[in-house]
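Okay, structure first, notes after.
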Amino acid sequence: MISSIFLSIMLLLIISFCVIPRRMHLFEILFLWMVVWLLGHTISSIIIVNLQLLEITKELSKFWLHIFKRILLYPLLIIWFLDISLLINNKIKKYLFLLLLIFILISIEYCFILSGVFIKKNWSIGYSFIEWGFTVGVSYFLWKWYRRKLFKEKAVQ
Amino acid sequence: MLTLPKHFDENEWFIITVVLLSSVLFKLPKRLPTVITILILFLSMAIPKIIDHSIAAAWPYNLYDLTDSKKFELFDVILDGVYCPFGYLCIYFYDKFRPKDFKIVLYIISWTVFAIFFEYIAVKLHVFNYHGWKLMYSFPTYMVVISLFLLFYKFVTYYYRRTLET
C-alpha cells in the first residue's frame, strides 16, 4: 500500500519534470543526477552501516522503495529546485530557497521513517539537517562549476 | 564516519595502484569535449556505486562485500576512482576506432572480457569478496552496462553537436 502510494507520487513527479519546461541544459541535469547518486549512496552507507543511526526495514518491498527514492526521488527534487533557483536573482533569496529544499528533503526522510522504510535508532533532526545540508551544498557548488564549463564550451548560451 | 582498513594489504595496494596508474589518462591526446568527459567519468563511478550499494548491501541480497569489512571503508570510496579509467578508456577507444556493424559487438565483447579479467584479479586480491555472486554473472552485467555506456556516449555527443549548431 505505502509502496504503491510512494511509487505513484514518484512517477507523477517524473512525468511532470519531463513535460514542464526547464532552464537547465540536459548535461547539467545528467551531471547533477550523478552527483546526487554518488553523494546519496555514500552518505546513506555512512549513516546506516557505519554510524548505525538509521536501519533499513527488513520488508523487501520497502527496501526497493528505499532504492527507488535514492535513485529517482532525491535527485529529481534537487535538480528541480536548482532549476527553479535560476529564476531567482537575489543571492539571499536563492540561499533561502535552497534552505527550503533542505527542509523538504528532511520532511521526506521523516515520512520514510514514519512509513517504516527506515527504523530510527539514534537519529535526530540535526543529523538530517547535516546530511541534506551537505548534499544540497556540495551538489550546488559542483553544479555551478560544471555550468561554468558548459558556458566555456559554449554549450549553454 | 568512514572507517580505515584493519590491515593495509593487497586490496588497498591494488586500489592505490590502479588509481595512480589512471593519472596516465591525462597524458592521452584530448578527444572528447570536457563537459562530456566529466559526464563519462561520473557515470563510470555512479553505475557501479548503485549496483554495489543495492546488491552488496548487508540486507537483503548481500551477494558480495567490498574490501576488508562489512563497514563502509575509506577504500570503498577510493574504489570509485578505479572505475573511472575503465569507463573513460572504453569511450575513448570507441571514439578513436569508431567500430561499425558487427565490430561494435566485438568491441563490447572485448571490453567485457577485459572487465571480467580485471574483476578476476580484484577478487583474487580480495577487493571483492563474493558470497552469492559468481564471476560468470558479471559477464551479462558488463555486456548490458557497456552497451548502455556506449549508447549514453552516442546520445550525449549527438546532443552536444545539436546544441552547438543551434
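The values are calculated or read from the model by the stated rules, or taken from the named source; none is laboratory data. From a predicted model like this one, the values you see are computed outputs, not experimental measurements. When we count neighbours, we look across all protein chains shown, and the Cβ atoms used for this are built from the backbone with ideal geometry, even at glycine. Calculation scope for accessible area: heavy atoms of the full protein, side chains included, ligands and nucleic acids excluded. Shrake-Rupley method; radii C 1.70, N 1.55, O 1.52, S 1.80 Å.
Details
- From the list B:Asp80, B:Asp52, the one residue that fits, being free of Cβ contacts under 8 Å to residues at least 60 places away in the same chain and within 16 Å of B:Tyr142 (Cβ to Cβ), is B:Asp52.
- Subset of segment B:24-44 (residues that are of a type outside the set (A, V, I, L, M, F, W, C) and either surrounded by fewer than 19 Cβ atoms within 10 Å (Cβ to Cβ) or away from every other protein chain (no Cβ under 12 Å) (or both)): B:Lys27, B:Pro29, B:Lys30, B:Arg31, B:Thr34, B:Thr37
- Restricting segment A:1-19 to residues that are over 14 Å from A:Phe68 (Cβ atoms) and open to solvent by 80 Å² or more (accessible area, probe 1.4 Å), the residue that is farthest from the chain's Cα centre (by Cα): A:Met1
- Within segment B:129-166, the residues that satisfy the criterion of being within 14 Å of the chain's Cα centre (by Cα), among the hydroxyl-bearing types (Ser, Thr, Tyr) and either in a loop (DSSP other than H, G, I, E, B) or within 24 Å of B:Lys100 (Cβ to Cβ) (or both) are B:Tyr142, B:Ser147.
- Unmet criterion (only one of (1) hydrophobic (A, V, I, L, M, F, W, C); (2) surrounded by 14 or more Cβ atoms within 10 Å (Cβ to Cβ); (3) within 13 Å of another protein chain (Cβ to nearest Cβ); (4) more than 22 Å from B:Val145 (Cβ to Cβ)) for B:Ile47: (4)
- Within segment A:102-156, the set of residues being part of a loop (DSSP other than H, G, I, E, B), of a type outside the set (Lys, Arg), without any contact (Cβ under 8 Å) to a residue 60 or more places away in the chain and closer than 30 Å to A:Leu26 by Cα comprises just one member, A:Glu153.
- Qualifying residue in segment B:119-128 (condition: open to solvent by 60 Å² or more (accessible area, probe 1.4 Å), more than 14 Å from chain A (Cβ to nearest Cβ) and within 15 Å of the chain's Cα centre (by Cα)): yes
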